[in-house]
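Just so it is clear, none of the values below were taken in a lab; they were calculated from the coordinates. The model shown is predicted, which means the values in this text are computed figures rather than measured ones. Using ideal geometry, Cβ is built from the backbone for each residue, glycine included, and neighbour counts are taken over all protein chains shown.
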Amino acid sequence: MKRIILCWGLVLGMGWANSLAQQTQGASVQSAAGGAAQSGSSTLIATIGQPSPPGQASAGQLTLSSGFIFTLDVAGTNQPPSITHTTPSLQPSGQNILIIASVTDDRGIDKVELNYRRGGEVSFTTTRMTFTSGSNYQTNIPSGFVTSRGVEYFVVATDVDGAQTRKPDAPNSILSIQILVTSEVRRDAQGNPMAQPNGSAQTAYRLISVPLLLDNPSAAAVLEDDLGAYDNTKWRLFGLAAGPSQNLNNKEPYVEFPNAGANAFAPGTSLFLIVKDPGKIVTIGASRSIRTEVKFSIPLQPGHNFVATPFNFAVPVGKLSLKSGGSLNALKTYGGGSGFIPEQAALQPWEGYYFPNVNQAVDTLFVNANLSSSASNKTTAEGWRLQILASCAAARDDYNFAGVAPASVDEWDGNDLAEPPPIGEYVSLYFPHPEWQKALSRFSDDIRAAATSNQQWRFNLATNISNEIVTLRFEGLKEADPNLAVFLVDEEMNYKQNLRDNAVYQYQSREIERVKDFTLLVGKEDFVAAQTAGVQGVPEDFVLEQNFPNPFNSETLIRFGLPKTSVVTIKILDLNGREVTTILDKVELPAGRHQRLWNGRDDQGRLVTSGVYLYRLRAGDFTKMMKLTLMK
């Protein structure tokens, strides 16, 4: 905007003022009292000032015998600066990066600023660029910002009238530079290299990934220099097979190294790794960061998928989206001791995540690495949910939910989440729904419509761990209507348990892997009574039943009932009364019906000979003995 000071005498009249104004960029003044008028692209503002004594006016050749001073502001259209800039190509880590921009403007440049940050940061550091020659400005991004996270930046030019241009021009948009990395490791918050969790138990498994674009993404290139040549007694690696199977065999749907593929550690993918020895640090070789100015696309095949962030920084879940527009509720990480855990915060680099696609068509997961602004995808479901936690030895499957919500339907919807495939020695609880005709038929979450208070859920529990106690715990019972009954039915045992009285149920796993069927009932008393007619409850007296099967070959179940919490001992004896083995030794058990397994072995683990044996139950003051027959 220009400001022009005009002085004229009263003898000149307003005609002179109007004439002068019309000659000044086509503007005009309406009255001598001050005002504004527009013509074309300019605005002329006249403000009456103070009386002026005689003298030479600033207008040039006019002499005023008396008059007034007027201030005329003329505002014209000002074009902002123009920025020409080419993003630097691949740059080495730990070195300054020179940024050069050509900036032009018809009025003159006031300043040119570079705003830069490491990939995954929210705030920018701002520095002035230095004029060099012609129209060029330049400055360096310091080496400390040049890491495997990548570099993000934008340029702002301001002219002498305050007009600005941003490169790139869209708000919150960025330019990014790929960084060349010679080696990298996963680091903790203090920057120290992190060793892989170790052990030989189920809890030592982890989903791992590499948050960079590797020159050689094969599993051998990434792992063998740090873990040694492949030896499945020291470390094991599992990836998803093409067209994963839905059965629960622990070899499905996985393929083991070296069949994980030449692209095992491609960006956005993850695999299961277990390492026996402590202190093993995985160091990757030549690689480069992934550009962050565009969303990274991860294809999701129908069925199971193991994904990862391709960036070496955490990406909030709110920055993820699906091409299909679906929910992200199914995203889970693997917690070792707790099994698969819902992930609601962020994708962490070097880790892996389970994300199923239950539809029959390929979907796409988009990862937006630009953290300048963030939106949350979190949704809150009303209603109530019961959490079912399953455990067996060191294996756990904690995050399983049955419940109701107003927005849900009885068929499949986004609140029904798929059950991840188990790995190693496992326990897996799932709701089977082949009738939904989805790419996956086993679900960890089954949330129904809230239209009726009477509900029943059938669920299965499978484990490949033999002769161990399987425990089911039910949490969240207080969320359900207190006027509703909540019962568990063990279909094999033909036993029902009131979960409001006892929210823990246990049984012993078999030698041969098999799936147990359960029914969860929530509803009014008459509904539950009708559904459990003929099903046994807590016995009124102590009960020792005939073992099943009998005779048996490899294993048999000893079933008994307790009318109250009792300390229980069960022993196997030969016909001479000599002790063969102890099944339970002074173990406190709750009221209810129970079963324990005998595998035909003595206390030393040796198979006993065929014949007739005795099994004896002692519970408090109650003692009972029965015969069983082993036939080989």
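Backbone geometry of the range 395-406 corresponds, through the Karplus equation with coefficients 6.51, -1.76 and 1.60 at θ = phi - 60°, to 3J(HN,Hα) couplings of 7, 9, 9, 8, 10, 10, 9, 10, x, 10, 8, x Hz, x marking Gly and Pro.
An ellipsoid equivalent to the range 258-311, defined through the eigenvalues of its Cα gyration tensor, has semi-axes of 23, 18, 10 Å when rounded to whole angstrom and sorted largest first.
Separation of the alpha carbons by more than 28 angstrom is noted, of Lys438/Lys524; Lys586/Lys627; Lys332/Lys586, for Lys438/Lys524; Lys332/Lys586. Once backbone amide H atoms are built at 1.01 Å from N, Tyr254 has Ala241 as its partners under 5 Å, excluding neighbours fewer than 5 places away on the same chain.
Cβ-Cβ distance of Ser89 and Thr471, R₀ of 56 Å, FRET efficiency by 1/(1 + (r/R0)^6): the value works out to about 0.45. Expressed in Å, the radius of gyration and Dmax of the Cα atoms of the range 384-531 are 14.9, 43.
The C-alpha atoms of the range 543-630 occupy a region whose extents along the principal axes are 36, 22, 20 Å, arranged from largest to smallest. Using a simple spin-label model with pseudo-atoms 7 Å out from Cα toward Cβ, Ser554 and Asp161 lie 8.9 nm apart. If you average the C-alpha positions of the range 84-114 and of the range 518-548 separately, how far apart do those two centres end up, in angstrom? One Cα centre to the other: 76 Å. Modelled spin labels at Asp517 and Phe366, positioned 7 Å past Cα toward Cβ, are 4.5 nm from each other. Rounded to 0.05, the FRET efficiency of the Lys276 and Lys478 pair, given R0 = 35 Å and the Cβ-Cβ distance, is 0.25.
Remark: the Asn498-Ala262 segment gains 79.7 nm on full extension, using 0.36 nm per residue and subtracting the alpha carbon distance. The gain in end-to-end length when the Val587 to Leu322 segment is fully stretched comes to 90.3 nm, 0.36 nm per residue minus the alpha carbon separation. Spacing of the modelled spin labels on Leu573 and Gln546, each 7 Å from Cα toward Cβ, amounts to 2.1 nm. Across the range 467-531, the convex hull enclosing all Cα atoms gives 82 Å³ per residue. The peptide list 472-479, 518-525, put in order of mean Cβ contacts within 10 Å with the highest first, becomes 518-525, 472-479. Each peptide in 437-443, 581-587 gets a packing score, the mean of other Cβ atoms within 10 Å over its residues, and the list from highest to lowest is 437-443, 581-587. Descending by average beta-carbon neighbour count within 10 Å, the peptides 569-580, 361-372 line up as 361-372, 569-580, the highest first. Take the Cβ atoms of Ser123 and Ala220, set R0 to 41 Å, and the FRET efficiency comes out at 0.50.
With the biggest extent put first, the Cα atoms of the range 297-373 measure 35, 32, 17 Å across the principal axes. Note on the range 82-181: Cα-only Rg and Dmax are 13.4, 44 Å.
How big is the C-alpha Rg of the range 580-632 next to the rule-of-thumb value 2.2 N^0.38 Å, as a ratio? This ratio for the range 580-632 stands at 1.26.
Dividing the convex hull volume of the alpha carbon atoms of the range 224-375 by its residue count gives 136 Å³ per residue. Below 18 Å, Cα to Cα, which aspartates and glutamates can Lys167 reach? Residues fewer than 8 away in the same chain don't count. Within the straight-line limit of under 18 Å, Lys167 reaches these aspartates and glutamates: Asp105, Asp110, Glu113, Glu152, Asp159, Glu293. Eigenvalues of the alpha-carbon gyration tensor of the range 134-262, scaled by 5 and square-rooted, set the equivalent ellipsoid semi-axes at 45, 19, 14 angstrom, largest first.
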